[in-house]
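Report on the structure given below.
The values are calculated or read from the model by the stated rules, or taken from the named source; none is laboratory data. As the structure is a prediction and not an experimental result, all values here were calculated from the model. With ideal geometry, Cβ positions are generated from the backbone for all residues, glycine too; neighbour counts draw on all protein chains shown. Note: accessible area is taken over every heavy atom of the protein model, side chains too, but ligands, DNA and RNA are not part of it. Shrake-Rupley method; radii C 1.70, N 1.55, O 1.52, S 1.80 Å.
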Amino acid sequence: MKSYEVNFDGLVGPTHNYGGLSYGNVASQSNSQQSSNPKEAALQGLAKMKALMDMGFQQGVLAPQERPDVAALRRLGFSGTDAQVIERAAKEAMPLLVASCSASSMWVANAATVSPSADTADGRVHFTAANLNCKYHRSIEHPTTSRVLGAMFANQQHFAHHAALPAVAQFGDEGAANHTRFCREYGEAGVEFFVFGRSAFDNRFPAPQKYPARQTLEASQAVARLHGLRDEGVVYAQQNPDVIDQGVFHNDVIAVGNGEVLFYHEDAFLETDKMLAELQGKLAKVGGNFQSVCVPRSAVTVDDAVRSYLFNSQLLSRPDGSMLLIVPQECQANERVWTYLQSLTSSGGLIREVKVFDLKQSMQNGGGPACLRLRVALNETELAAVNPGVIMTAPLYGSLTAWVEKHYRDRLSETDLTDPQLLLECRTALDELTQILKLGAVYPFQIN
Ligand code: SUG
C-alpha cells in the first residue's frame, strides 16, 4: 500500500504579534514590542503550503486558536463581560493579556507528537498533544489542539488521541519539535528518535545553565509508552546543554531528519557517536540504511544556525529518492550558511536542491519552516480517513487566502491587543474558518 508523509501546516492566527514571551528563544526576545503584520504572516504561511502542494507533496492545514483566550484570563481571576475581562487585564496585568493573545499555536511542530501506525502496538496512528508547560502562553494551547486534532483525525479505527502529559515541568513536552522518525518507507516500521534537554528525575544528566531545557527525558519516555512503541524502535538522545544556552530551545533548531537521513550540526547532541551507532543499528533491524550529514562548526557556527534557522528546514523526499531542503530566506542572507548549502547540493550527496521561502513574520518570533508543520505519516487508507476539509487543494487555498484578506489586520501593536473589538473580529473569522475546514465546533466560544 502507498504511504505518505503529510505536512499539516499551522495557519497563522489573526492576533499574530511580537510579545517577547519566550525566554531562551533569541528571535522572540529581540523582536519584542515590534509591530506585526498578521495578514502578511498568514499569507506567507499559505504560500508555503501552496508551493509544497504544487510540487506534488501531500499538504494539510491546522487551524489557529481563539485569541485572546478570555477563558484563560477568567481562570486567572479577571471577571465581568468579555470586554471587561480584556480591559481589566490590560489595566492590571498587561503581560497576561499579551500572553493570552499569542498566536503561538501556528508552530504546530509543537502541537503534538505523532507515531505512525507501522510503529505502534495497536496499529493505529497515535497523537499526544504537547503540554508546552515551559511557557504560560503556550501551556494554554493543548485543550484546543486536542479538539482540533480530534476533528481532523476523527476515525477511531485508525487514529488514537492522548491528552497532554501532566502539566508540570518534570513532564515538559514540546511535541514533534524534539521528535524525528527514521524509516525506509513511510508505511514501514521505523525508528523514533526522541531528543530531550534534561532529565527531571536523574541528576546524572547535565542541564543548561542559562536557558530552560523545555523537553524532559521522562516526558519523551511517557509518550513512547502511550504510543505503544517497541524498545527496538526507539532511540533517546540528549541535546547538548551548551547549545540550549546559545538559543537552541528545541532540537529542530539544530537538526532535522527524514527517511533514512539525519542532517545535524556537529554540536547538536551529547554522545553523538553512540547515538549514531544506535540509530544505525536499530534502523538496520527494520531494513533501513541510516545516513547522517554532519554540518561542521568550522563551516556553520551554532550562532549561524540560530540566526539563519538552517536546521529548521523541511527535508523532503522526492520521487527519485533524492531530497529537497525547504529553508527560510534568512539562510540566503547568511554568507556562511549559503556557501555551505551551495556546496551541499553540488556535492553529489542525497540533498540536491534548496528552496527558499519568505517566512519573516513567523521567523521574527523564532518559527521557521519546520516549526510551522506537523508531520503525519499515513498510508492510503488512513489518508482517506482524514477529514477531507483540512487537506490542501487549489480551491481551499483560494478560500483561505480570501478569508485572510477579509478578516486579518495588517498591523498589530501591543496597544491594539487591548481593543475588545479584536476578540470579536477573531471569533467571527474563526467561526467562518470552522465551516471552511469542516471542523465542527472546536473553539471555547463555540462550545460554551
Ligand atoms: O515556543 N515562539 C515559539 C516558537 C516555536 C518554534 N517552534 C519550533 N522550533 N518547533 C516558542 O518559543 C514567541 C511568541 C512571542 O514572543 O510573541 C514564541 O512563542
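Things to note:
- Counting only Cβ charges, +1 for Lys and Arg and -1 for Asp and Glu, the dipole size of the chain around its Cα centre is about 320 debye.
- In the chain, the C-alpha radius of gyration followed by the widest Cα-Cα span (Dmax) gives 20.6, 64 angstrom.
- Net charge dipole size for the stretch 31-184 [Lys, Arg +1 and Asp, Glu -1 on Cβ; Debye, nearest 20]: 80 debye
- If R0 equals 25 Å, the separation of the Cβ atoms of V168 and A121 corresponds to a calculated FRET efficiency of about 0.40.
- Top of C426, C331, C294 by mean-square fluctuation, Gaussian network on the chain, Cα under 10 Å: C294
- Shape category assigned to the stretch 69-133 from the gyration tensor of Cα positions, a/c cut at 1.5: prolate
- Euclidean distance between Cα centres, the stretch 9-57 to the stretch 274-332, Å: 23 Å
- Rg followed by Dmax, in Å, when the stretch 96-177 is reduced to its Cα trace: 13.2, 43
- Candidates A284, A224, A305, ranked by Gaussian network fluctuation over the chain, Cα under 10 Å, top entry: A284
- Cross-link partners of K285 among lysines, defined as those whose alpha carbon lies under 21 angstrom from its own and excluding same-chain residues fewer than eight positions apart: K274.
- Mean projected area (nm²) of the alpha-carbon convex hull when the stretch 1-107 is viewed from all directions: 9.2 nm²
- A Gaussian network model of the chain, with springs between Cα atoms under 10 Å, assigns the largest mean-square fluctuation among F357, F205, F193 to F205.
- Cα gyration tensor shape for the stretch 325-448, rounded if a/c is under 1.5, else prolate or oblate: oblate
- Nearest-ten-degree value, helix 142-152 long axis tilted from longest Cα axis of the chain: 70 degrees
- Computed over the stretch 126-170, the convex hull of the alpha-carbon atoms projects to a mean area of 3.1 nm².
- For the chain, the longest principal axis of the Cα atoms and the long axis of helix 335-345 meet at an angle of about 50 degrees.
- Accessible area (Å², per residue) of the chain, counting only protein heavy atoms and a probe of 1.4 Å: 37 Å²
- Percentage, to the nearest whole number, of Cα pairs in the stretch 138-275 over 18 Å apart: 59 percent
- In order through the stretch 407-418: 3J(HN,Hα) via Karplus (6.51 cos²θ - 1.76 cosθ + 1.60), integer Hz, x for Gly, Pro: 9, 8, 7, 9, 7, 9, 10, 4, 4, 4, 5, 7
- Stokes-Einstein D for the stretch 239-358, Kirkwood Rh over Cα pairs, 37 °C, 0.692 mPa s (µm²/s): 224 µm²/s
- When the P(r) is computed for the stretch 201-308, the part past 23 Å accounts for 32% of the Cα-Cα pairs.
- Protein heavy-atom surface of the chain, 1.4 angstrom probe: 49% of the accessible area is carbon and sulfur, with nucleic acids and ligands not counted.
- Charge context of N258, other residues only, Cβ under 9 angstrom, K/R +1, D/E -1: 0
- The stretch 98-157 versus the stretch 347-412: alpha-carbon centroid distance in Å: 16 Å
- Cross-link reach list, lysines versus K406, counting only Cα pairs under 29 Å and skipping chain neighbours closer than eight places: K39, K48, K50, K360, K438
- Neighbourhood net charge (14 Å Cβ-Cβ; Lys/Arg +1, Asp/Glu -1) for F269: -4
- Three-way shape label, the stretch 294-355, alpha-carbon gyration tensor, a/c 1.5: prolate
- Net charge of neighbours whose Cβ lies under 14 Å from the Cβ of D320, counting Lys and Arg as +1 and Asp and Glu as -1: +1
- Nearest-0.05 FRET efficiency for Q332 and M94, computed from C-beta distance (R0 56 Å): 0.95
- When the inverse distances between all different Cα atoms of the stretch 170-248 are averaged and flipped, the Kirkwood radius reads 13.1 angstrom.
- In degrees, nearest ten, helix 38-54 long axis to first principal axis of the chain (Cα): 40 degrees
- Scalar couplings 3J(HN,Hα) for the stretch 161-176, obtained by applying the Karplus form with A = 6.51, B = -1.76, C = 1.60 to θ = phi - 60°, are 10, 10, 5, 4, 5, x, 7, 10, 4, 4, 10, x, 9, 10, x, 5 Hz; x denotes Gly and Pro.
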